[in-house]
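Notes follow the structure.
Read-outs throughout are calculated quantities, based only on the coordinates presented, and are distinct from any laboratory measurement. If you're wondering where the values come from, they're calculated on a predicted model, not measured in any experiment. In this analysis, Cβ positions are derived from the backbone assuming ideal geometry, glycine residues included, and neighbour counts consider all displayed protein chains.
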Amino acid sequence: MGEILLILWLATVGAAVGSFLNVVIYRTPRGESLISPPSHCPKCNHKIRFYDNLPIFGWFLLGGKCRDCKMPISFRYPLIETVACITVTTFACFIMPVDLLIEQILVQIFWLSVLHLFLLTLGMIEFDRQMLKPLGITLFLTPCLIFGAVFYFNFAVWEPLVGILVSLTTGFLITKIIRVNNRTLWLFATVALGGFLGWKTAIIVLLATLPCFAAILFVTRRSCAVLALAMMSFLVNVWFLAVR
């Protein structure tokens, strides 16, 4: 019963984080603050009421329209929230049965969730053909990788460093094969991949990304390398958790 309640709580947290990611995806490339002004309709600029800002459900309760100006609200908002919720919940479900201390379980869930929600954010910014300042990505990645070196890799600092080097080199070579529209986002995504997962898993994910990239390009007619990377990294890691 306790595990079920914890998974439900993590699912709620995932949906709430997804709501915040919508803000990050929209505002960060535009250089806007993530705090002020509060969430508002992009059409009429009216502040969104707190009871309309429920993750996932708020969009459906509003019928996909702004309460004030009645203009349509993109379905992408609840979609991102749902993907974030599914991401966290899936990792929680596969990690939870393992015979580990609760602290170790939460660290693993946090670590994998942060990576894939970060990749999702970069992927959607790439999909929108927006740019992102490298400084902001660096300021986010650095403390995360330090946290991982201490808690996830048990103070084995060399593991994320080697992972970053190998993954970054492989990612750069891949840009010689496929057309990457935003090389900065792609290379930072490979840095995160190697730093979070280590070089062996990163290599597998990067190679698996190539057919996924081709499929997304065929369907959307857009070069979405980071989005393909996020999808394949999620699937590969879920597979590893399922067969361990």
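The table for this structure:
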{"quantity": "Gyration tensor (alpha-carbon) shape descriptor, the chain, a/c threshold 1.5", "calculated": "oblate"}
{"quantity": "Relative contact order, percent, the range 100-244 [alpha-carbon distance under 8 Å, six or more residues apart]", "calculated": "30 percent"}
{"quantity": "Relative packing of 68-79, 215-226, which averages over residues the other C-beta atoms within 10 Å, highest first", "calculated": "215-226, 68-79"}
{"quantity": "Pair Arg30, Gln104: separation of 7 Å Cα→Cβ label points (nm)", "calculated": "4.6 nm"}
{"quantity": "Built amide H within the under 5 Å cut-off of His40, gap 5+", "calculated": "Ile48"}
{"quantity": "Surface/4 estimate of mean projected area, convex hull on alpha-carbon atoms of the range 100-244, nm²", "calculated": "8.4 nm²"}
{"quantity": "Over the chain, relative contact order from alpha-carbon pairs under 8 Å, at least 6 apart, %", "calculated": "19 percent"}
{"quantity": "Amide hydrogen neighbours beyond the local backbone of Lys65, cut-off 5 Å, H modeled", "calculated": "Ile73"}
{"quantity": "Relative contact order (%) - criterion: Cα under 8 Å, at least six apart; region: the range 1-97", "calculated": "41 percent"}
{"quantity": "Full-stretch length increase - Trp9, Trp158 - with 0.36 nm per residue and alpha-carbon distance subtracted", "calculated": "50.2 nm"}
{"quantity": "Cα→Cβ-extended label distance, 7 Å offset, between Thr220 and Trp239, nm", "calculated": "2.1 nm"}
{"quantity": "Whole-angstrom gap from the range 142-184 to the range 101-135, using each part's C-alpha centre", "calculated": "13 Å"}
{"quantity": "Within-14-Å neighbourhood charge of Val180 [Cβ basis; K, R +1; D, E -1]", "calculated": "+4"}
{"quantity": "Partner aspartates and glutamates for Lys70 [C-alpha distance under 17 Å; skip if fewer than 8 residues away on the same chain]", "calculated": "Asp52"}
{"quantity": "Cα gyration tensor shape of the range 60-124, rounded if a/c is under 1.5, else prolate or oblate by comparing a/b with b/c", "calculated": "prolate"}
{"quantity": "Ellipticity estimate at 222 nm from DSSP helix runs (n ≥ 4, -39,500 (n - 2.57)) divided over the chain, nearest 500", "calculated": "-23000 deg cm²/dmol"}
{"quantity": "Partner lysines for Lys176 [C-alpha distance under 22 Å; skip if fewer than 8 residues away on the same chain]", "calculated": "Lys200"}
{"quantity": "Extension gain from Met71 to Leu207, taking 0.36 nm per residue of separation minus the Cα-Cα distance", "calculated": "44.7 nm"}
{"quantity": "FRET efficiency for Lys200 and Phe57, using Cβ-Cβ distance with R0 set to 25 Å, rounded to 0.05", "calculated": "0.05"}
